[in-house]
Amino acid sequence: MKDTTLFIDKATAERIASEFPTPFIVYDERGIKRRAKDLNAAFSWNEGFREYFAVKATPTPAILKILLDTDCGLDCATLAELIIAERVGAVGELSMFSSNCTPDEDFIKAKELGAVINFDDFTHIDVVEQLCGIPQTVCCRFNPGGNFGVDDPSGNVMDIPGDAKYGMTERQLIDAFVKLKSLGATRFGLHAFLASNTQSDAYYPALAGLMFDVALLLERETGVRVSFINLSGGIGVPHRPEENERDIFAIGEGVRREYDKRFADWEQKPAILTELGRYVLAPNGALITRAIREKHIYKEYIGVDASAADFIRPAMYGSYHHVTVLGKENDPHDKTYDITGGLCENSDKFAVDRPLPTIENGDLLALHDCGAHGKAMGYNYNGKLRCGEVLLKENGSFEVIRRKETLADYFATIEKYF
Ligand SMILES: *Cc1c(COP(=O)(O)O)cnc(C)c1O
């Protein structure tokens, strides 16, 4: 069972809202540090382990800085993300650059910062060689094709790498290593991301086993021993109360078992890297929104001041996010509501047919697990302005870390008739 206790109570949310009106995403500094520390501890058996937090999940500098200060690096995929990494001080090998369909300027910036370029394709080698030269440290992204499945009592994982646009085939990987070596690369890494938001402790160990075998194959075929293996993202978080939390220590041990089977006789053993976004941050952010309208037709509706523009996962994926009516945690959940935003899209619902306590206008609602892939996926449909972000600090104080958008922001790109 998932723990549905929220890190913020009504008094704290009202205290923030009195200075910084709803809606906003609030992040829990203590929880972020705890997850980052647990992850580092779970892989402490591996010398050189490092988590490169996936910037796309939460591209907010104040959050990234907390992670950097907790021994993490950053994983970037675009020019903007590289610039954010640069601004918060994640230069050199504190940044991975795992991009795809990459524009020239992005490669040039990554090289300039000394970020580790993770080649998504064989053809990108010539591109980088011509643009800025092959760096000494390189990484290649692997796609095994076919189906990838894991049967496990804690949950099954199934995805189809054969349909995914990312990475190179095994043959291309071999050719890429040979070519990169001939162009001056001296330190090599291997990367793969085969399934997203997995609900099984067996995903990472299964992925690790597969990649470790590829590392041995690459050594046989090219003579290159990889220096690091990047297991990337994909460890999920539970969303529904009846789902279970992932056990990061069991996951770390599972990877270790696969590791010990293969690298015993390597003098320089490969470092394990991760690029987790969701696992580290999703439970440590909540969308705080106020009930502003009610409606009674064929169903009971509560309208709130946030919309899918602020947090799109329920509208886009139909994903469940737990709702707490702050201050009414222990009231009977004897009403059934749809909780909606104001977009002219019927998918703009944070909850559908959800048993909840009686909600009155003015009540504060918290949507759980909004810390990753949440605010970052927001958009401006219907001219809705995206919400701001607040950090709830360990000492109980709070800080606004991103203001809300204004109408001036929204209109700023218009060039005619305005
Ligand atoms: C999105 C992404 C991640 C993070 O994925 P999570 O599901 O948040 O763990 C890591 N690496 C790459 C290359 C990604 O595209």
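The values are calculated or read from the model by the stated rules, or taken from the named source; none is laboratory data. Given the structure is predicted, the values throughout are model-derived calculations rather than measurements. All Cβ positions, even for glycine, are placed from backbone atoms using ideal geometry, and neighbour counts span all protein chains on display. The protein model used for the area step is the full one, side chains on, heavy atoms only, and it has no ligands, DNA or RNA in it. Shrake-Rupley method; radii C 1.70, N 1.55, O 1.52, S 1.80 Å.
Taking Cα centroids, how far is the stretch 183-231 from the stretch 49-85 in Å?
22
Could you give the accessible area per residue of the stretch 283-417, probe 1.4 Å, as a whole number in Å²?
48
So for the chain, averaging the separation of alpha carbon pairs under 8 Å that are six or more residues apart and normalising by length, what relative contact order in percent results?
Taking the mean separation of contacting Cα pairs over the length of the chain, I get 19 percent.
Just to be sure I understand the model, the point goes 7 Å from the Cα along the line to the Cβ. What's the resulting GLN268 to PHE411 distance in nm?
6.0
Give, rounded to the nearest 20 debye, the magnitude of the charge dipole that the chain has about its Cα centre when Lys and Arg contribute +1 at Cβ and Asp and Glu contribute -1 at Cβ.
440
Considering only protein heavy atoms and a probe of 1.4 Å, how much of the accessible area of the stretch 283-417 is carbon and sulfur, as a whole percent?
The C+S portion of the solvent-accessible surface of the stretch 283-417 is 50 percent.
Can you bin the stretch 327-380 into rounded, prolate or oblate? Criterion: square roots of the alpha carbon gyration tensor eigenvalues sorted a ≥ b ≥ c, rounded for a/c under 1.5, prolate for a/b above b/c, oblate for the rest.
prolate
For the stretch 278-418, what relative contact order do you get, as a whole percent, if you take Cα pairs closer than 8 Å and at least 6 residues apart?
The normalised contact order for the stretch 278-418 reaches 28 percent.
Within the chain, which DSSP H helices have Cα atoms that stretch 15 Å or more along the helix axis and a mean Kyte-Doolittle hydropathy of at least 0.0?
Long hydrophobic helices here: 203-222.
Starting from the exponent 0.38 and prefactor 2.2 Å, build the expected Rg for the stretch 283-417 from its residue count and divide its actual Cα Rg by it.
Cα-based Rg divided by the globular estimate yields 1.10.
Per residue and in cubic angstrom, what volume does the convex hull of the Cα atoms of the stretch 1-67 have?
Considering the Cα atoms of the stretch 1-67, their hull volume per residue is 127 Å³.
What accessible area per residue comes out for the stretch 29-280, rounded to a whole number of Å², with a 1.4 Å probe?
Per-residue value: 41 Å².
Please go through the residue pairs LYS179/LYS375; LYS109/LYS384; LYS56/LYS111 and name each one whose alpha carbons sit more than 29 Å apart in this structure.
Beyond 29 Å: LYS179/LYS375; LYS109/LYS384.
Over the Cα atoms of the stretch 29-280, what is the Rg over Rh ratio if Rh follows Kirkwood?
So for the stretch 29-280, dividing Rg by the Kirkwood Rh gives 0.94.
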